[in-house]
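*Asks:* Please find one structure pasted underneath; my questions will follow.
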Amino acid sequence: ETGVTQTPRHLVMGMTNKKSLKCEQHLGHNAMYWYKQSAKKPLELMFVYSLEERVENNSVPSRFSPECPNSSHLFLHLHTLQPEDSALYLCASTPSLVGTRYNEQFFGPGTRLTVL
Amino acid sequence: AQSVTQLDSQVPVFEEAPVELRCNYSSSVSVYLFWYVQYPNQGLQLLLKYLSGSTLVKGINGFEAEFNKSQTSFHLRKPSVHISDTAEYFCAVSEQTGANNLFFGTGTRLTVIP
């Protein structure tokens with residue numbers, strides 16, 4: 001595997017289910033992101049992790065719970081979601097957040113989530 | 001805070017015709033500028049970026065963009081499009097200092113007509 005991978009690619013769940021999205025980067029990067037992509041809206045940054053520590057949480061409801069066990073893996077645990085949470089969830093990684101030099105973000109293919 | 005406006009949600013264009021996708025931004029600080037492309041069922045891929053230097057930036061697949069600071073614009077252009085260019089295109093900005101966060105526009109759906 002190369003780049004950023006995400007599993008599953010598609011997920012359908014009920015409002016009372018618990019599920020998890022997984023992201024893995026094979027690039028040796030130190031920072032990872034979760035984004036939500038809804039139709040007709042800009043990509044929304046949800047969480048940012050740097051060296052396995054959460055550095056940003058953009059007012060995301062607590063029914064979304066991120067976890068970063070190491071610099072290569074990022075999870076998004078889902079619980080008691082609402083139909084409006086249906087969207088494409090994208091993971092991205094970047095070499096480092098340290099310093100002022102810009103580092104490109106590399107995106108995974110996303111998980112298409114449908115909440116019934 | 002930064003914001004990005006992509007006024008055209010959909011742009012149909014005939015194959016081999018030129019295309020321009022518009023992007024305007026607002027920010028109180030200096031920014032970096034980007035264009036990403038998203039093909040069906042895929043993640044975002046970087047097309048090109050402006051960090052500093054020449055305001056005309058060339059990217060992959062024959063695309064280019066010009067940074068215009070006075071008009072706060074970063075329009076994307078291609079002189080002759082192909083069917084394979086059909087995709088969603090996103091403009092994004094990032095502050096030159098501070099976090100590496102990207103702020104995206106709502107996207108422009110480019111459809112190339114045979």
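*Asks:* Does segment A:4-14 contain any residue that is facing chain B (nearest Cβ under 9 Å), among the aliphatic types (A, V, I, L, M), buried (at least 20 other Cβ atoms within 10 Å of the Cβ) and under 30 Å from B:SER52 (Cα atoms)? Explain how you work it out, then say what you get.
*Replies:* In the first step, residues of segment A:4-14 are kept if they are facing chain B (nearest Cβ under 9 Å); the result is A:4, A:6, A:9.
After this cut, where a residue has to be among the aliphatic types (A, V, I, L, M) as well, the list is A:4.
Subset that is buried (at least 20 other Cβ atoms within 10 Å of the Cβ): A:4.
Within this subset, residues satisfying the condition of being under 30 Å from B:SER52 (Cα atoms) are A:4.
Taking every residue of segment A:4-14 in turn, at least one turns out to be facing chain B (nearest Cβ under 9 Å), among the aliphatic types (A, V, I, L, M), buried (at least 20 other Cβ atoms within 10 Å of the Cβ) and under 30 Å from B:SER52 (Cα atoms).
*Asks:* Still on this structure, I have one more. Does segment B:57-64 include one or more residues that are closer than 24 Å to A:TYR102 by Cβ, within 14 Å of another protein chain (Cβ to nearest Cβ) and surrounded by 13 or more Cβ atoms within 10 Å (Cβ to Cβ)?
*Replies:* The answer is yes; a qualifying residue exists.
*Asks:* Also: Name the residues in segment A:83-116 that are part of a loop (DSSP other than H, G, I, E, B), under 15 Å from A:HIS10 (Cβ atoms) and facing chain B (nearest Cβ under 9 Å), would you?
*Replies:* A:GLY108, A:PRO109, A:GLY110
*Asks:* Taking into account only those residues within segment B:10-37 that are at pLDDT below 95 and not in a strand (DSSP E or B), which is farthest from the other protein chains (Cβ to nearest Cβ)?
*Replies:* B:SER28
*Asks:* When you look at A:SER38, is it away from every other protein chain (no Cβ under 14 Å), surrounded by fewer than 19 Cβ atoms within 10 Å (Cβ to Cβ) and among the hydroxyl-bearing types (Ser, Thr, Tyr), yes or no? Talk me through it step by step, then tell me what you get.
*Replies:* Numbers: away from every other protein chain (no Cβ under 14 Å): no; surrounded by fewer than 19 Cβ atoms within 10 Å (Cβ to Cβ): yes; among the hydroxyl-bearing types (Ser, Thr, Tyr): yes.
For A:SER38, the condition - away from every other protein chain (no Cβ under 14 Å), surrounded by fewer than 19 Cβ atoms within 10 Å (Cβ to Cβ) and among the hydroxyl-bearing types (Ser, Thr, Tyr) - is not met.
*Asks:* Return only the number of the condition from (1) within 30 Å of A:CYS23 (Cα to Cα); (2) surrounded by fewer than 12 Cβ atoms within 10 Å (Cβ to Cβ) that B:SER28 does not satisfy.
*Replies:* So B:SER28 meets the others, but not (1).
*Asks:* While we're looking at this one, here's another question. Of the residues B:LEU76, B:LEU48, only one is surrounded by 16 or more Cβ atoms within 10 Å (Cβ to Cβ) and within 14 Å of another protein chain (Cβ to nearest Cβ); which?
*Replies:* B:LEU48
*Asks:* Let me spell it out: the conditions are (1) without any contact (Cβ under 8 Å) to a residue 24 or more places away in the chain; (2) in contact with a Lys or Arg (Cβ under 9 Å, 6 or more places away or on another chain), and A:GLU56 meets all of them except one. Which number is the exception?
*Replies:* Looking at each condition in turn, A:GLU56 falls short on (2).
*Asks:* Out of all the residues in segment B:89-109, is one or more facing another protein chain (nearest Cβ under 10 Å), crowded, with 21+ Cβ neighbours inside 10 Å, assigned to a loop (DSSP other than H, G, I, E, B) and among the aliphatic types (A, V, I, L, M)?
*Replies:* yes
*Asks:* Just to check your reading of the model, which residue among B:ASN41, B:ASN100 is free of Cβ contacts under 8 Å to residues at least 12 places away in the same chain and out of contact with any strand residue (DSSP E or B) (no Cβ under 7 Å at 6 or more places or on another chain)?
*Replies:* Only one candidate passes the filter, namely B:ASN41.
The values are calculated or read from the model by the stated rules, or taken from the named source; none is laboratory data. The structure displayed is predicted, hence computed values, not measured ones. Here Cβ is always computed from backbone atoms with ideal geometry, including for glycine, and neighbour counts include all displayed protein chains.
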